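Accompanying notes for the structure given below.
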Amino acid sequence: MVNRETLKDDSVAAFTNAAVVLPQGIAFAAIAGLPPQYGLYTAMITPIIAALFGSSWHLISGPTTAISVVIFATLSNIH
């Protein structure tokens with residue numbers, strides 16, 4: 001639960017995450033041949049939607065290499 005005591009730690013975590021995820025989203029968009037703004041949209045909007053409708057405190061959303069590996073493993077069997 002977020003309260004005054006945890007707000008500072010949560011803010012530091014949010015800014016740290018943003019520093020990593022925003023450039024990563026732009027890079028993934030460039031790799032996919034898309035304009036950089038699509039990477040920014042993915043990095044910003046996906047976590048908001050996941051936080052609003054997700055049911056886990058430990059949530060992975062947005063442009064991550066973890067989901068890239070899962071998608072590759074799933075699609076690699078399709079020829």
#### Entry: Total formal charge among the other residues, if their Cβ is under 12 angstrom from that of V2, Lys/Arg +1 and Asp/Glu -1
-1
### the chain: angle of helix 65-75 to the longest principal axis, Cα-based, in degrees nearest 10
40 degrees
## Note on the structure
Per-residue Cβ contact counts at 10 Å, fewest first, order S55, S11 as S55, S11
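Every read-out reported here was derived from the displayed coordinates using simple, explicitly stated rules and does not represent laboratory data. Source: prediction; values computed, not measured. Every residue, glycine as well, gets a Cβ built from its backbone with ideal geometry; the counts of neighbours run over all protein chains shown.
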